[in-house]
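Here the structure is laid out as structure tokens; the discussion comes afterwards.
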Amino acid sequence: MADDVRILITGNSGSGKTWLGERLSERLTVPLVRLDDVYWQDAYGGKERDKQVVFDEVAERATEGSWVMEGVYGWLLPAALPRATEFIFLDLPLDECLDNVRRRGGQGAEDEAFAALLAWAAEYPNRQNANSRQAHQRIWDGFGGAKRILRSRAELDENVLQR
């Protein structure tokens, strides 16, 4: 297992957070924490868990040695940021993110839930909450540790190969 590796990844739905997280986790032999798995009681679009309980659980997991953690939830990032050794912001073009969501499909979600996910991802640049591009940029700007913005699939691939 790698020493002191705690990588936090954020970005829009379809930007490649899970893809990058899985590869870094495998390559560095550290656990992967998917914030979707922590936040949702059921599968995608299922029942949300209590936000304070989720925040506390993420903060606790952040203390558990090395990890890669990925998710879109800007309100959850502060639970892990104090322990993160690196912060990666995936800032891919919106059309590429939407194409990736379409290609990936609903992952077992109902058609209505998948349509809602696609619409939600499309709102990312203009959304006015903690899960927006602007919020992710502000969090990234304020992070004092090692950090990267990746803006293309080629940069994601290169990031994995550099490890």
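The values are calculated or read from the model by the stated rules, or taken from the named source; none is laboratory data. Computed from a predicted model, the values in this text were never measured in an experiment. Cβ coordinates were reconstructed from backbone atoms using ideal geometry, including for glycine residues, and neighbour counts include every protein chain displayed.
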For this session: With respect to A135, determine if the residue is at pLDDT 95 or above, of a type outside the set (S, T, Y) and either within 14 Å of the chain's Cα centre (by Cα) or assigned to a helix (DSSP H, G or I) (or both).
Result: yes
Seminar exercise, completed: Condition set modelled with pLDDT under 95 and not in a helix (DSSP H, G or I), scope region 57-111, selection nearest to S152 (Cα to Cα): answer is G105
Problem set entry | Residues being among the hydrophobic types (A, V, I, L, M, F, W, C), more than 17 Å from P93 (Cβ to Cβ) and surrounded by fewer than 15 Cβ atoms within 10 Å (Cβ to Cβ) - total across region 135-159 | 1
Seminar exercise, completed: Of (1) within 20 Å of E22 (Cα to Cα); (2) touching a Lys or Arg at 6+ places or on another chain (Cβ under 9 Å); (3) free of Cβ contacts under 8 Å to residues at least 60 places away in the same chain, V58 fails just (2)
Problem set entry | Some residue of region 94-112 being at negative phi, more than 18 Å from the chain's Cα centre (by Cα) and surrounded by 14 or more Cβ atoms within 10 Å (Cβ to Cβ) | yes
For this session: Could you check, for region 33-40, whether at least one of its residues is surrounded by 18 or more Cβ atoms within 10 Å (Cβ to Cβ), β-branched (V, I, T), touching a helix residue (DSSP H, G or I) at 6+ places or on another chain (Cβ under 6 Å) and at pLDDT 95 or above?
Result: yes
For this session: Would you mind stating whether R163 is over 13 Å from the mean Cα position of the chain (by Cα), closer than 28 Å to E60 by Cβ and not in a helix (DSSP H, G or I)?
Result: yes
